[in-house]
Amino acid sequence: MEVLVHPVSHWIGYHIAERLLHEGYEVKGIKEEGDNNHLIDFFQRNSNFELMTTSNQRKYQLAIFVEDIPEMDENRFERMLQINGERSSVKNATYIDAPYLFGEWMPMTEEGIYVGENYIGFSSPAFLEKGVYITDFLSQLLQWLKDMPAYQEIRVESVRNQSLKGKKLEKIFSVEENIPIKENINQVLAHFRKFQALYPAVNKKT
């Protein structure tokens, strides 16, 4: 299966492309100017990856957009997924809201992460209860690629979210974690300390 990822240079787009390539998918990536374009170098030697431009007019079985869907001919895509950002008005797109997603290469400091304009501390109760590690999210995403729910809007939450305990809610998917969140945080911090010079520049919160 061939999947378009846009932008593949976004930290979430990078993780999606990496996982899809690992699973044997053919990935076409469109980059976006910014701090993370070096991430594309990780894919260049993979024969299943091809860097595309926004002007290409190919048709795709699936397109995955991170944050915003650019102005494109939606008839080129059999299925479209949008992850975070402002809800698109595109009719054939499924919107996936994952508000506390975190992982390597995202804008961050030693103390927390940036989600858009918001800063969330690693030690904050909200993050420890609701944070979803990117690897765990991608496991759910792969299931959706095989059997997509018939919803136009989906919200992703952690199984640790106490407000959802005992409730079965439509359009909300509780993501299981493979290892405790604090271990995932430590792994992300170790990566940040090792490659800090390559991370997006942010203004340190005090």
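Values computed for the structure shown
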read-out: Subset of segment 52-68 [open to solvent by 70 Å² or more (accessible area, probe 1.4 Å) and not in a loop (DSSP other than H, G, I, E, B)]; value: Gln61
read-out: Any hit, segment 143-161, residues being of a type in the set (S, T, N, Q), within 17 Å of Tyr100 (Cβ to Cβ) and either touching a residue at least 24 places away in the same chain (Cβ under 8 Å) or out of contact with any Asp or Glu (no Cβ under 6 Å at 6 or more places or on another chain) (or both); value: yes
read-out: Criterion: closer than 16 Å to Ile154 by Cβ, of a type in the set (Val, Ile, Thr) and at pLDDT below 95 - qualifying residue of Ile69, Ile30; value: Ile69
read-out: Total residues in segment 92-124, condition assigned to a loop (DSSP other than H, G, I, E, B), open to solvent by 50 Å² or more (accessible area, probe 1.4 Å) and of a type in the set (S, T, N, Q); value: 2
read-out: Which numbered condition Asn178 misses (of (1) open to solvent by less than 100 Å² (accessible area, probe 1.4 Å); (2) under 20 Å from the mean Cα position of the chain (by Cα)); value: (1)
read-out: Unique match (being surrounded by fewer than 17 Cβ atoms within 10 Å (Cβ to Cβ), free of Cβ contacts under 8 Å to residues at least 60 places away in the same chain, part of a strand (DSSP E or B) and not hydroxyl-bearing (Ser, Thr, Tyr)) among Glu129, Glu78, Glu71; value: Glu78
read-out: Selection within segment 159-196 - of a type outside the set (A, V, I, L, M) and either closer than 23 Å to Leu62 by Cα or touching a Leu at 6+ places or on another chain (Cβ under 9 Å) (or both); value: Arg160, Lys171, Phe173, Ser174, Lys182
read-out: Selection within segment 1-51 - more than 14 Å from Val66 (Cβ to Cβ), in contact (Cβ under 8 Å) with a residue 60 or more places away in the chain and either open to solvent by less than 10 Å² (accessible area, probe 1.4 Å) or among the acidic types (Asp, Glu) (or both); value: Glu2, Glu23, Asp35
read-out: Given (1) closer than 19 Å to Gln143 by Cα; (2) open to solvent by 20 Å² or more (accessible area, probe 1.4 Å), number of the condition Arg87 does not satisfy; value: (1)
read-out: Selected residue [in contact with a helix residue (DSSP H, G or I) (Cβ under 6 Å, 6 or more places away or on another chain) and at pLDDT 95 or above] from Gly103, Gly112; value: Gly103
read-out: Residue in segment 60-75 that is touching a strand residue (DSSP E or B) at 6+ places or on another chain (Cβ under 8 Å), of a type in the set (Gly, Ala, Ser) and more than 17 Å from Phe137 (Cβ to Cβ) present; value: yes
read-out: Segment 28-43 - residue that is part of a helix (DSSP H, G or I) and not β-branched (Val, Ile, Thr) and, of those, nearest to the chain's Cα centre (by Cα); value: Leu39
read-out: Hits in segment 105-126 - residues which are under 18 Å from Gly85 (Cβ atoms) and free of Cβ contacts under 8 Å to residues at least 60 places away in the same chain; value: Ile113, Val115, Gly116, Glu117, Asn118, Ile120
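The values are calculated or read from the model by the stated rules, or taken from the named source; none is laboratory data. Since this is a predicted model, take the numbers as computed values, not measurements. No Cβ is skipped: glycine too gets one built from the backbone with ideal geometry, and neighbour counts run over all protein chains shown. Surface accessibility is based on the protein's heavy atoms, side chains included, excluding ligands, DNA and RNA. Shrake-Rupley method; radii C 1.70, N 1.55, O 1.52, S 1.80 Å.
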